[in-house]
1. Counting residues that are within 14 Å of another protein chain (Cβ to nearest Cβ), which helices (runs of 4 or more DSSP H) fully inside the stretch A:278-397 reach at least 1?
2. Any residue that is under 23 Å from A:Ala82 (Cα atoms), buried (at least 17 other Cβ atoms within 10 Å of the Cβ), over 18 Å from the mean Cα position of the chain (by Cα) and among the aliphatic types (A, V, I, L, M) - is there at least one of those in the stretch A:149-156?
3. Can you pull out every residue in the stretch B:32-48 that is under 14 Å from B:Asp291 (Cα atoms) and in contact (Cβ under 8 Å) with a residue 60 or more places away in the chain?
4. Scan the stretch B:152-164 and tell me whether some residue there is outside any helix (DSSP H, G or I), among the β-branched types (Val, Ile, Thr) and touching a Lys or Arg at 6+ places or on another chain (Cβ under 8 Å).
5. Sort out for me the helices (runs of 4 or more DSSP H) sitting completely within the stretch B:184-277 that have 1 or more residues that are on the phi < 0 side of the Ramachandran plot and touching a Lys or Arg at 6+ places or on another chain (Cβ under 6 Å).
6. Give me the residue from the stretch B:259-278 that is within 12 Å of B:Ala220 (Cα to Cα) and of a type in the set (A, V, I, L, M, F, W, C) and, out of that set, nearest to the chain's Cα centre (by Cα).
7. Determine the pairs where a residue that is farther than 22 Å from B:His114 by Cα, located within the stretch B:66-87, has a partner that is outside any loop (DSSP other than H, G, I, E, B) with Cβ atoms under 6 Å apart, the partner being 6 or more residues away or on another chain.
8. I need a count of the residues in the stretch B:462-472 that are of a type in the set (Gly, Ala, Ser) and either more than 9 Å from chain A (Cβ to nearest Cβ) or crowded, with 21+ Cβ neighbours inside 10 Å (or both).
Amino acid sequence: MYKMLWQRSLVLAIAVVWATASLSLAQAQPAAIDPPPSTAADGLQIVALAESANSDSIIGKASHVRLNDKLWVVLNRPLPDAATKYTLFLNDEEVGGLSPPIATTSRSQPALLFTLKRTSLNDAFWRELLGSPVDDHVNVVVSLGRHAGAGPSERIAGAAAGANFELEVFTGLDLALAVGVILLVLILVWGHARTRTTLRDNLLPQLAPSRQPYSLGRSQMAFWFTLIFVSFVVLFFLLQDTNILTSQALLLMGISGCTAAAAVAVDVARTSPADVANCALQALGLKTYEDVQRVQQEIVNRATALAALPPASPQRPQLQIEINDRTSILRTYEDKVRPFVSQGWFKDVTTDINGPTVHRLQVVFWTAALGAIFLYSVYRNLAMPEFNGTLLALMGISSAGYVGFKIQEVNN
Amino acid sequence: MADIQNVVVLMLENRSFDCMLGRLYPGDANYRGLTLREYNNYNSTGYGVWNDTGMLPSTATIPDPDPGELFTDMNTQLFGSADRPATAADMSGFARSYATQPGTGIYAPSAVMHYFTPDQVPVISALATTFGVCDQWHASAPCQTWPNRFFAHTGTSLGCVNNKDFSVPFAAPSIFGQLQAAGVSWRVYFHDMPQSILLKDVWLHAVTHYRGFSQFLADAQCGNLPNYSFIEPRYFADLFGVFSPNDEHPPHNVVYGETLIATVYNALRSSVCWKNTLLIITYDEHGGCYDHVVPPAATPPDGCVSQPDLFGFDTYGVRVPTVIVSPWIPPGSRIRNPQGDDGTGTPFDHTSIIRTVRDLFLGGGGQLTARDGAAPSLVAALSLPDATNLGPPSLTPSSAQATLAQVSTLAYGSPNGIQAALAAASHNLPVNAPTTADNLPLAATPITPANYSTVATAAATAIDRVKSFLGI
């Protein structure tokens, strides 16, 4: 029954992710650009591309150029027009929204200097060019557009070898740093969760941290924190830009934070089954996990003492009773904490003391669905997604429903 | 003769007849209840019987703290002196016994003189008036819980007067053993630790014959009750389940005992077994609560004499409330020994349970001791020609439920006599119940007193060892 329920939910979630991702992709596709015209009539040509210049000449290959860097487009002769008439085309698409180029006619090689800045006007272009990276460089064909009057712009291209360069998407160092930071976060948040209470409820202090059940609220909060932080790190290294957090990302963190806080508030405000068990265990002298370990040690100590006594020793019955009493307390402890011991992350977050619950499954699968969309969007668009209000409302309603039902499960 | 196929006994704890049912029929000369002129003197002050109106927990737990119930306490209560003088008992020392308890609580002498009115204990009162009440049922001996409970099962306490005096397993043959030998079905239904599991006679059959109380409800619903059922209440506060004890042992709230009685009655009343059922609701002993009837002489069961008190078990204990429920009993019955209806005949005591079961299922045979041999049977009280007194379809007990704070208070308290003794005796239970006679111990072992600081720790030991013994 339980298996069937979660299998159905998984299928539903996959369908939702697919549908929503498709919708998101459809909205994100850049508009198609018309193919460029041929070489300029006055013979102006691109002869080289470079990443820097000294006082006399343009130097360096363009293979280290990346977003936010400068690109020198070296021409075969001085510009006949003002530099502001020229625009940059990469892969036959005009890169709008760039600052006007600067002409460098004073050097021995005439050139136009472009700064490859990502702005809201060219965001779709860069997304298309750099999104879904599979390699550290992407091949780019450079051409120029020259505006002359109100007609269509004239295109200035170059020899294939001179007008091509490998735009750097990320460096090996970037990759190493990003992976390092991501691993660090994953270990701190999720790796330690196996043995510590980072993601676990601490409703029964008598349980060892590794046996505490995982908390849905904390897991959700950690999920969004991890996802957003990892995305931030990746995007920072790719785009060299810190202004990449969206209000939706913050809202998601807010929803998950509020959910976790409300869940804790519910646990604190009401007498839950765990509170009753806690109270009962305290009456047995077990206030913390250290007390459990103390009783275990007392049994060992007495068993050792008993083994050392001669069979007829009058102390034996009393020692045996003390061992029995402590053993009974520990067996009672084990029996009564069983409903609160972790059964594994998925089962913990989707069940309460009475078994699987729809309100928990709902939160898990909607969180997973939005998380998948979020990750895909970061990879595809190199930007944190802009969820629409409906999806965020859905997440909020789902979380609110969880908190509401949690009040009831606590009462049970 | 009534067609009784199921006898069910519910034995609660430590309340006297006058405490629970003394005012059931006020002013009725044919009922040995309270006249409200009864009193005890202590320190030149008279303490009359009294009632605290309402039924708040502070009333339902009177007397609080627990009165003394050792043999010497009972001597004081009956004779005014701890050493059991040769003079006749006059029931004059309840207030004195209570006021001189060594505990640290406030032992106000009047507490043990308190009685409940029928509207305060409506369940047992309704059953008593609808069916029958025994105003001549005494505890089997002026002793603590265990001697009296063993009397109910075996007809003797083998000379023991206090819980702590016993060795386990208790070796006397029991009614359970007699029924087992005769192929008559029986079962014990319990809540936490059944005291009767200390009987050697049941050890070989315990695994198959001891069941939780919920099984009683299921068996009643399915018409699957055994011929003889014995129900043991919850003796310990259960903090894990937030259950208060329902044994009515002072100072436990009598409301929860009332709920248990109603639950048992309702289960039987709705069962297909109902028209063939006899339910006996009784209490093991008076527990220090006042009763005005002097216990008469009794037949010594087996010649055993207590040490060092030299009590020969030749008198009964104080009267305890006993209500007989069956569709074969005329409404409003006052049930006494027909051979001495004026009070001169042998009264009922717990061995009347044995006698009745023997009469119904063993053809009168299977006598255990001289005491149950002399005990009057309840069969004569089942006098209707047919099972026509069906009683109310159900009884509605109080809806009060124990709070976590109330149960915590009980669980953190010191164990009472039976709780401490049960926990100590649980150490004498083997880890697993014996399966063959060869595995039975040759001799009983005296229970070793253990020092349990709280009810909770005593309960943990007692319940855990019983679960291990029964393999549950």
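1. Values: elements: A:289-308, A:316-337, A:345-350, A:358-381.
Of the helices (runs of 4 or more DSSP H) lying wholly inside the stretch A:278-397, those with at least 1 residues that are within 14 Å of another protein chain (Cβ to nearest Cβ) span A:289-308, A:316-337.
2. Start the filter on the stretch A:149-156 by keeping residues that are under 23 Å from A:Ala82 (Cα atoms), which leaves A:149-156.
Now restrict to residues that are buried (at least 17 other Cβ atoms within 10 Å of the Cβ): A:153-156.
Filter once more, so that each one left must be over 18 Å from the mean Cα position of the chain (by Cα): A:153-156.
Still in the running and among the aliphatic types (A, V, I, L, M): A:156.
For the stretch A:149-156, residues under 23 Å from A:Ala82 (Cα atoms), buried (at least 17 other Cβ atoms within 10 Å of the Cβ), over 18 Å from the mean Cα position of the chain (by Cα) and among the aliphatic types (A, V, I, L, M): present.
3. Filtering the stretch B:32-48 down to residues under 14 Å from B:Asp291 (Cα atoms) leaves B:32-40, B:47-48.
Passing the criteria: B:Arg32, B:Gly33, B:Leu34, B:Glu38, B:Tyr39, B:Asn40, B:Tyr47, B:Gly48.
4. Quick first cut of the stretch B:152-164, residues outside any helix (DSSP H, G or I) only: B:155-162.
Narrowing further to those that are among the β-branched types (Val, Ile, Thr): B:156, B:161.
If we keep only those that are touching a Lys or Arg at 6+ places or on another chain (Cβ under 8 Å) as well, we get B:156.
Checked the stretch B:152-164: at least one residue is outside any helix (DSSP H, G or I), among the β-branched types (Val, Ile, Thr) and touching a Lys or Arg at 6+ places or on another chain (Cβ under 8 Å).
5. Details: elements: B:200-203, B:206-209, B:213-222, B:254-269.
It comes to B:206-209.
6. Among residues in the stretch B:259-278 that are within 12 Å of B:Ala220 (Cα to Cα) and of a type in the set (A, V, I, L, M, F, W, C), the one nearest to the chain's Cα centre (by Cα) is B:Val264.
7. B:Ala82/B:Thr72; B:Ala82/B:Asn75; B:Ala82/B:Thr76; B:Arg84/B:Asn75; B:Pro85/B:Phe79
8. First, the residues of the stretch B:462-472 that are of a type in the set (Gly, Ala, Ser): B:462, B:468, B:471.
Now drop any that are not either more than 9 Å from chain A (Cβ to nearest Cβ) or crowded, with 21+ Cβ neighbours inside 10 Å (or both), which leaves B:462, B:471.
Of the residues in the stretch B:462-472, 2 are of a type in the set (Gly, Ala, Ser) and either more than 9 Å from chain A (Cβ to nearest Cβ) or crowded, with 21+ Cβ neighbours inside 10 Å (or both).
The values are calculated or read from the model by the stated rules, or taken from the named source; none is laboratory data. Please read these numbers as outputs of a predicted model, since none were measured by experiment. Note that each Cβ is placed from the backbone with ideal geometry, even for glycine, and that neighbours are counted across all protein chains shown.
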